[in-house]
Structure formats: C-alpha cells, structure tokens
Amino acid sequence: MRRALAILAIAFIPAAHAQTQLTIYNQNFAAVKETRTLDLTKGENEVRVTDITAHLEPESVILRDLKKPDAIQILEQNYESDPLSEGLLLRKSEGKVLDFEITMPQTGEKKIVKGKILRSGYVPHRQAYSRYGPQYAYSQQMYASPQGGGQPIVEVDGKVMFGLPGRALFESLDPKSFLKPTLL
C-alpha cells in the first residue's frame, strides 16, 4: 500500500506528547499527521527531516508551532525524494568528464579511462512507476531526463558510445548530499 506523508506538523512540545495519526483513503493514498519536537534558535534555522517516505507530496507538508501558529515563518521549503544513486550522480555529472575504471579481461589489470557524460540516461523511480500507477508516474515526469530516458551516452577519446565504458568513479560527496529522502 502506498503511504504518503500528507501533513507534517512539527511543534515545540515534549517528546512524551508526540504522536502520529494515520488516515487511509481510497486509491492507495494515506494522510499522516505527525508531531515532532525541534530545537530551534532565534533567527533563521535550517531543518532537515530524513526519516520520511520517498512518495511524499511536498505541497501537503505543513510546519507550524501548535501553541503559536504564527510563530514560525517558512522562508523556503524543499523536498529531495530521490536519494543518491549511480544514475542520479551521472545525471548531476552531465556535461562533465568523469574517470571510469575498466578491468582488462586478459590481465585483470585495472585502467582509468576519461569520458564526458553527454546524457546520463537516468529516469528516477522506475520501480515506483509500475507499482503506483499512472498518477504517480505523471507527477514524477518532471524529474526525468529532458532528453529522454534510457542508457547513458558517453564520449570517450572523441567517439560517442551508448552505455558506460566502465565503473564510474565520482568525486567525494558533498556533506549536504541526500542519502535518503529529505524534507528541508
């Protein structure tokens, strides 16, 4: 069953009073109302919530103080539903040159080849498309590669190839990379 986090009420109340309410609707949709305690300081704060579903409808999220509803002003809210994967890193590397590790079949020797990512071929949530149906697929189309999905296209030594020449080696991850779905 699809679970969507429809309402997220984050409040400044003791953890002992924290609770979760779940309402299940037709067509594989559910609304979750959850109260969380945040440790905020006066002024601007960045909040990251990572223990949430990848199938959240971000426009349904509400952040408020239960005791003083006007006490919080949201300046910006983002949702990263697609945690890091090789495909996503390839998409973020489109137009850049990457190192690829190739193992020579005869000797087992490892060799590094440089290749420019022309198209990543990345299409997010392929399994979710089939599992959750056309409504979900339609809402996720904006994340798909604008050139179309499919296999990667890489330029190596001035020649274009379909597929990766070897195992992609990426630079170190940014500390703010999304390893899980994240609301911030």
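The values are calculated or read from the model by the stated rules, or taken from the named source; none is laboratory data. Everything quoted here is computed from the prediction, not taken from an experiment. All Cβ positions, even for glycine, are placed from backbone atoms using ideal geometry, and neighbour counts span all protein chains on display.
Key figures
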{"quantity": "Subset of the stretch 164-175 (residues that are surrounded by 10 or more Cβ atoms within 10 Å (Cβ to Cβ) and assigned to a loop (DSSP other than H, G, I, E, B))", "calculated": "L164, P165, G166, F170, E171, L173"}
{"quantity": "V61 β-branched (V, I, T), surrounded by 11 or more Cβ atoms within 10 Å (Cβ to Cβ) and farther than 26 Å from G158 by Cα", "calculated": "yes"}
{"quantity": "Selection status of M104, loosely packed, with under 15 Cβ neighbours inside 10 Å, at pLDDT below 80, aliphatic (A, V, I, L, M) and not assigned by TED's automatic domain parsing to the domain that holds K33", "calculated": "no"}
{"quantity": "Candidates A18, A11, A6, A31, filtered to the one that is surrounded by 10 or more Cβ atoms within 10 Å (Cβ to Cβ), small (G, A, S) and modelled with pLDDT of 75 or more", "calculated": "A31"}
{"quantity": "Unique match (being part of a loop (DSSP other than H, G, I, E, B) and either in contact (Cβ under 8 Å) with a residue 24 or more places away in the chain or surrounded by 14 or more Cβ atoms within 10 Å (Cβ to Cβ) (or both)) among L118, L84, L98, L88", "calculated": "L84"}
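Conditions (1) more than 21 Å from D174 (Cβ to Cβ); (2) outside any loop (DSSP other than H, G, I, E, B); (3) in contact (Cβ under 8 Å) with a residue 40 or more places away in the chain, marked per residue:
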| position | (1), (2), (3) |
| --- | --- |
| K42 | yes, no, no |
| I52 | no, no, yes |
| L66 | yes, no, yes |
| Q73 | yes, no, no |
| Q77 | no, no, yes |
